[in-house]
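The values are calculated or read from the model by the stated rules, or taken from the named source; none is laboratory data. Treat the numbers as computed from the prediction; the structure is a model and nothing was measured. Positions of Cβ are backbone-derived with ideal geometry, glycine not excepted, and every protein chain shown enters the neighbour counts. All accessible areas refer to the heavy atoms of the entire protein, side chains included, with ligands and DNA or RNA removed. Shrake-Rupley method; radii C 1.70, N 1.55, O 1.52, S 1.80 Å.
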Amino acid sequence: MGTGRARRTPWRWPRVLALAVLLLGGVTFANIRLHGESRGHEVTRSQLSELNMLLHEESSLQWKTLADRNSPVRVGRELGTIRARERAILDTLTGVADLRRQIAEYHDVLDQELGLLGVGKTAEALALERRETDPRFARLNIALQRLEDEAVAGADQANDIADLALMVAMAAAVTAIGFLLFRFEREHRATQRANEELLLQQQLALDTLAENEALVRHQASHDPLTGLPNRRALTELLEAEDGHRALLLVDLDDFKPVNDRLGHAAGDELLIGVAGRLVAAAGAEDTVVRLGGDEFAVVVAGGDAEVATHVAERIVAAVGTPFDIAGAEVCVGASVGVAVGDGTADGAQLLREADRAMYHVKQSGKGGYEVHCGQRLAAA
């Protein structure tokens, strides 16, 4: 019996050690696979997040189209680059057939909207955006968020199973599991740091995207030379108001000779100076707009004919005062057409009436103002 024990004793611990080593090997193999699965989920989540950002960037291209209608080639090139990256991301994902279909349908509607914007059909494009583009975009965001949540849940589940396997292995191989825990903790911290860095980069990208969208929207509704609201902003303002306001159309007199004599740089300086005087002449609640070239407009909120004529008088006087441009004294005038809303006239009608009055001032000798309604109130 003693001899038998003596012979079995040396084999007892080697067998236990072999079993522990096998268990450690099995646990190690399982953890490697689980961590690989977790990293795969993280990569999927990162790709879905990038896809979401690309879709946001793609939707902002319509504002670039509004801001610069003369760059369809550049906008088309940017759109092609974004969609190529979207296709590359979708090719790396599995089980996203429904997402592919939604993105394809969204692209079709967005292409229609961009096509309308490209030919100047802004109203139709905005209607299509409210009816089709925005709802589809919202559904896309929901689908992407659901897929991201599934990826995060899968990564969390894989990490939980790995933790459980480590706890079970500790009972059989304390030394080996201690080393494995140390290694796992190091990898876990590295993954956590990578996740924090990814979240930080994502937030920075979102902040940059928001700033770019705000800049594009500002550029789409403001004149780049004077910083004043542009014709598009005027149209939106007239559509939003209830009709109880006055509209003044201001056209500079003798502006072309300044451009011809002093050059376009001096002409731009003069336009900036005129814009500043118009803002000073208008009321605090009024809106000054540059329509293009040497044409401006002033919306007098809640103004009646008397208030509008006072503003027109100040404008004619302010613009008629000589300007110092490039060291030279420059004199121009202003022909102002005034249309007063009675609560029933729409923006297009006010524009037509103000333009008719301004044209009459031009025909009658320039340098004055007239209020529409068939009655000439004053002319400088």
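Which FRET efficiency value, to the nearest 0.05, is calculated for V119 and R217 with the Förster distance at 22 angstrom and r the Cβ-Cβ distance?
0.55
Relative to the present Cα-Cα distance, how much length would full extension add between R130 and D108 at 0.36 nm per residue of separation?
Extra length from R130 to D108 when fully extended: 6.4 nm.
At 1.4 Å probe size, put D304, D253 in order of accessible surface, largest to smallest.
D304, D253
Once the piece of chain linking E306 and T81 is laid out straight, how much longer is it, given 0.36 nm per residue of separation minus the C-alpha distance between them?
75.4 nm
In the full protein assembly as shown, how much of Y359 is accessible to a 1.4 Å probe, in Å² to the nearest 10?
140 Å²
Loop-only check: which GluC sites (Glu not before Pro) in region 258-342 are DSSP coil with at most 16 other Cβ within 10 angstrom?
Taking region 258-342 and a limit of 16 other Cβ atoms within 10 Å, the loop GluC sites (Glu not before Pro) found are E285.
Pop out the carbon and sulfur fraction of the accessible area of region 198-286 as a percent, whole number, probe 1.4 Å.
Of the solvent-accessible surface of region 198-286, carbon and sulfur hold 56 percent.
How much of H188 can a 1.4 Å solvent probe reach, expressed as accessible area in Å² and rounded to 10?
For H188, the solvent-accessible surface is approximately 80 Å².
Which whole-number percent is the relative contact order of region 273-363 (Cα, under 8 Å, 6+ apart)?
With pairs under 8 Å counted, the relative contact order is 21 percent.
Using label points projected 7 Å from each Cα along Cα→Cβ, tell me how many nm separate E185 and A328, to one decimal.
8.0 nm
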